[in-house]
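Some notes on the structure that comes next.
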Amino acid sequence: MSAPVQIQAEVLLVEPRARQRIVCLRLHAPAVARAARPGQFVMLAPGPAEPLDPFLNRPFSIHRVPDEDSLELLFAVVGRGTARLAAQPPGATLRLLGPLGRGFDPPAEGPVWLLAGGLGIAPLRFLGERLAGRPVRLLYGAGTAEALVSTAGLACRVELATDDGTAGRRGPATELLAAALAELPEAERARAYVAACGPEPMLAAAAGLCRRAGVRAEVSLEAHMACGTGACMGCARPIGGRPQRVCAEGPVFDAREVYP
Amino acid sequence: MSQPPARPDMRVTLGRLALENPVMVASGTFGWAHEYQGLVRLDALGAVVTKGVSLAPRLGNPQPRIAETPAGMLNSIGLQNPGLEAFVAEKMPFLRGLRTAVVVNILGDTVEEYARLAAALDGVDGVDALEVNISCPNVRAGGIAFGSDAGAAAEVAAAVRAATRLPVLVKLSPNVTDLVAIASRVAAAGVDGLVLINTLRGMAIDVWTGRPRLGNAIGGLSGPAIRPVAVRAVFEVSRAVEVPVVGCGGITGWADAAEHVRAGATAVQVGSATFRDPAAALGVLEGLERFLGELGLGSCRELVGTVQV
């Protein structure tokens with residue numbers, strides 16, 4: 001893992017990615033983009049010129065590295081910080097710190113499932129792109145079709161699920177995972193790998209399914225953060241019997257450690 | 001030909017603690033310093049104040065521990081730390097390699113615990129001073145219980161002072177009725193300086209869920225929102241006591257530091273601002289030095305307490 005850097009990143013593009021106020025922010029950030037690994041995140045100032053309010057930087061998973069000079073972040077416009085970020089014109093500069101944290105650690109070969117719940121798609125798209133050419137399947141669930149982000153351009157099989165049945169299977173995305181694991185031949189289980197990101201109940205359910213199937217799984221956790229660098233202990237919680245910082249030891253953890 | 005003006009002398013002394021410059025990073029906002037290696041020129045800081053160290057490890061409070069508030073934030077970390085032994089073994093090797101002063105923040109549940117921490121750290125290579133935390137709002141026992149009573153605060157200060165040869169700073173809480181009375185008693189215990197202020201007790205509620213936004217319900221407020229409270233505390237206390245005062249609270253830029261110094265602070269600590277910009281303290285230092293030059297002052301000391309009331 002390379003050391004994080006702090007830069008002034010230029011806004012290249014802000015565009016909607018789903019009908020439900022989900023936007024993609026593309027930034028010019030060469031030093032961060034080149035070092036970034038799937039599952040890592042950045043801390044982004046909630047506006048140019050050091051606003052005192054809102055005060056804190058926002059943590060965002062790296063959603064895509066479309067080329068070696070830029071990064072894409074995906075977020076829902078839900079509060080003051082995200083509203084401000086979504087309103088930035090191209091050319092605005094935002095203080096950016098990254099890449100931060102420990103990313104996914106997929107095995108060198110074997111089948112891979114990416115399990116995304118809602119905005120949990122954010123880091124998994126990056127992982128899917130980096131694993132292009134391998135047998136990867138994206139299992140992607142959301143409340144409704146309007147909350148699904150387009151997966152166009154992602155070279156892997158995609159299965160959808162929605163709570164209201166407006167797209168894909170009706171029900172939680174973990175049912176897609178349960179079906180996939182049930183079809184997996186016994187001999188393949190030791191080589192298989194699941195990467196999951198989304199609401200904690202989904203992660204807990206996925207961890208249970210993978211444990212019972214004997215499949216290694218990693219989960220990417222969310223937390224309220226102040227620093228993003230491991231200094232403030234704001235995101236620390238008991239994981240594997242000791243306090244671990246989501247920003248520094250994570251955000252990606254072995255699923256068995258988080259949900260024993 | 002006129003000589004270029006000499007750069008202002010930024011050195012300051014807090015009792016027996018001499019610093020190359022007056023800008024420190026506040027306890028709890030800078031971890032154990034190694035977290036910022038590569039992002040911040042650590043050797044350029046006036047001092048690093050460590051996260052609070054207790055005798056035994058502490059696990060801290062439940063999540064969430066951070067909530068953003070208007071122009072600031074609430075935290076309820078709960079003094080999570082690895083304990084004295086692990087601190088010395090695992091954190092001090094990096095800290096003692098820094099070419100800046102290392103101030104270890106200590107906290108206990110009893111007066112005796114503070115004294116034991118002070119005695120144990122006396123012999124530890126690389127520790128330049130202690131900062132006694134009697135003001136954390138996030139733990140039940142200890143912490144603020146000592147800081148809100150003048151007699152108890154002075155007792156802790158005297159016990160620490162007697163247990164160590166290291167310079168001793170005491171960080172005081174603003175969550176009291178008569179800060180000057182407490183500060184005066186602590187100063188009289190023979191400490192090298194007072195640090196003002198720790199966080200203000202605060203609370204935020206999610207109106208949709210009806211739940212507090214912190215796992216611990218109540219936390220400590222910091223950030224620009226508290227700066228006027230801190231400046232007032234520095235102003236009142238520095239006029240009432242003989243020992244130097246270190247201003248802490250809401251400093252994000254050089255002008256905020258200059259305000260603290262004008263109010264009476266000999267040195268300053270940059271806290272929550274580091275969360276936004278890891279190098280915030282160095283920006284404060286550079287700006288303060290430039291400001292002193294523009295005022296034509298030869299040293300930072302000349303600005304201390306220059307508010308005209």
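The values are calculated or read from the model by the stated rules, or taken from the named source; none is laboratory data. Keep in mind that what you see is a predicted model, and the values were worked out from it rather than measured. Please note: Cβ atoms are built from the backbone with ideal geometry, for glycine as well, and neighbour counts cover all protein chains shown.
Points to keep in mind about this one:
- The residues of segment A:56-85 that are of a type in the set (D, E, K, R) and within 11 Å of the chain's Cα centre (by Cα) amount to a single one, A:Arg64.
- Residue check: B:Val309 meets all listed conditions (1) part of a loop (DSSP other than H, G, I, E, B); (2) away from chain A (no Cβ under 13 Å); (3) at pLDDT 95 or above but one, namely (3).
Each row is one residue, and each column tells you yes or no for (1) farther than 22 Å from B:Thr13 by Cα; (2) within 18 Å of the chain's Cα centre (by Cα); (3) in a helix (DSSP H, G or I).
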residue: B:Glu242; (1), (2), (3): no, no, no
residue: B:Val246; (1), (2), (3): no, yes, no
residue: B:Ala255; (1), (2), (3): no, no, yes
residue: B:Pro278; (1), (2), (3): yes, yes, no
residue: B:Val284; (1), (2), (3): no, yes, yes
residue: B:Glu294; (1), (2), (3): yes, no, yes
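- Residues being surrounded by 18 or more Cβ atoms within 10 Å (Cβ to Cβ), of a type in the set (Asp, Glu) and either within 15 Å of B:Pro8 (Cα to Cα) or more than 14 Å from every other protein chain (Cβ to nearest Cβ) (or both) - total across segment B:260-288: 0
- Condition check for B:Ala240: touching a residue at least 40 places away in the same chain (Cβ under 8 Å), aliphatic (A, V, I, L, M), surrounded by fewer than 22 Cβ atoms within 10 Å (Cβ to Cβ) and touching a helix residue (DSSP H, G or I) at 6+ places or on another chain (Cβ under 9 Å): yes
- Residues in segment B:210-232 that are in a loop (DSSP other than H, G, I, E, B) and either surrounded by fewer than 21 Cβ atoms within 10 Å (Cβ to Cβ) or hydroxyl-bearing (Ser, Thr, Tyr) (or both): B:Gly210, B:Arg213, B:Gly215, B:Ala217.
- Listed conditions (1) among the acidic types (Asp, Glu); (2) free of Cβ contacts under 8 Å to residues at least 12 places away in the same chain; (3) under 29 Å from B:Val243 (Cα atoms) are all met by B:Asp109, apart from (2).
- Of the strands (runs of 3 or more DSSP E) lying entirely inside segment B:8-95, the ones with 2 or more residues being facing chain A (nearest Cβ under 9 Å) and not small (Gly, Ala, Ser) are found at B:66-69, B:72-75.
- If you go through segment B:245-259 and keep only what is surrounded by fewer than 24 Cβ atoms within 10 Å (Cβ to Cβ) and touching a Leu at 6+ places or on another chain (Cβ under 8 Å), you end up with B:Trp254, B:Ala258.
Matching residues to (1) closer than 20 Å to A:Met225 by Cα; (2) within 14 Å of chain B (Cβ to nearest Cβ); (3) charged (D, E, K, R):
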{"site": "A:Leu71", "(1), (2), (3)": "no, no, no"}
{"site": "A:Leu74", "(1), (2), (3)": "yes, no, no"}
{"site": "A:Arg84", "(1), (2), (3)": "yes, yes, yes"}
{"site": "A:Gln88", "(1), (2), (3)": "no, no, no"}
{"site": "A:Ala108", "(1), (2), (3)": "no, no, no"}
{"site": "A:Trp113", "(1), (2), (3)": "no, no, no"}
{"site": "A:Ala116", "(1), (2), (3)": "no, no, no"}
{"site": "A:Pro123", "(1), (2), (3)": "yes, no, no"}
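- Of all residues in segment B:34-78 being charged (D, E, K, R) and under 19 Å from the mean Cα position of the chain (by Cα), the one that is surrounded by the fewest Cβ atoms within 10 Å (Cβ to Cβ): B:Asp43
- Test result for A:Leu94, touching a residue at least 60 places away in the same chain (Cβ under 8 Å) and within 14 Å of chain B (Cβ to nearest Cβ): yes
- Cross-chain or 6+ apart pairs with Cβ under 7 Å, segment A:221-241 first and more than 7 Å from chain B (Cβ to nearest Cβ) and assigned to a loop (DSSP other than H, G, I, E, B), then small (Gly, Ala, Ser) and surrounded by fewer than 24 Cβ atoms within 10 Å (Cβ to Cβ): A:Cys235/A:Ala223
- When residues of segment A:37-68 are limited to those that are more than 20 Å from A:Gly101 (Cα to Cα) and more than 14 Å from every other protein chain (Cβ to nearest Cβ), the one surrounded by the fewest Cβ atoms within 10 Å (Cβ to Cβ): A:Asp67
- Of all the listed residues (A:Val23, A:Val42, A:Val65), the sole one being more than 26 Å from A:Gly234 (Cβ to Cβ), in a strand (DSSP E or B) and touching a helix residue (DSSP H, G or I) at 6+ places or on another chain (Cβ under 9 Å) is A:Val65.
- Taking every residue in segment A:9-31 that is over 19 Å from A:Ala92 (Cβ atoms) and in contact (Cβ under 8 Å) with a residue 40 or more places away in the chain and pairing it with any residue that is of a type in the set (Gly, Ala, Ser) and in a strand (DSSP E or B), at least 6 positions away or on another chain, the pairs with Cβ-Cβ distances below 6 Å are A:Arg21/A:Ala76; A:Ile22/A:Ala76.
- First in segment B:185-214 and free of Cβ contacts under 8 Å to residues at least 24 places away in the same chain and farther than 17 Å from B:Ala71 by Cα, second anywhere and loosely packed, with under 14 Cβ neighbours inside 10 Å and not aliphatic (A, V, I, L, M), Cβ under 9 Å, 6 or more apart: B:Pro212/B:Asp206
- Candidates B:Asn75, B:Asn81: the one that is within 16 Å of B:Ser272 (Cα to Cα), in contact with a Lys or Arg (Cβ under 7 Å, 6 or more places away or on another chain) and of a type outside the set (Lys, Arg) is B:Asn75.
- Count of segment B:41-80 residues, restricted to those that are modelled with pLDDT under 95 and of a type in the set (Gly, Ala, Ser), is 2.
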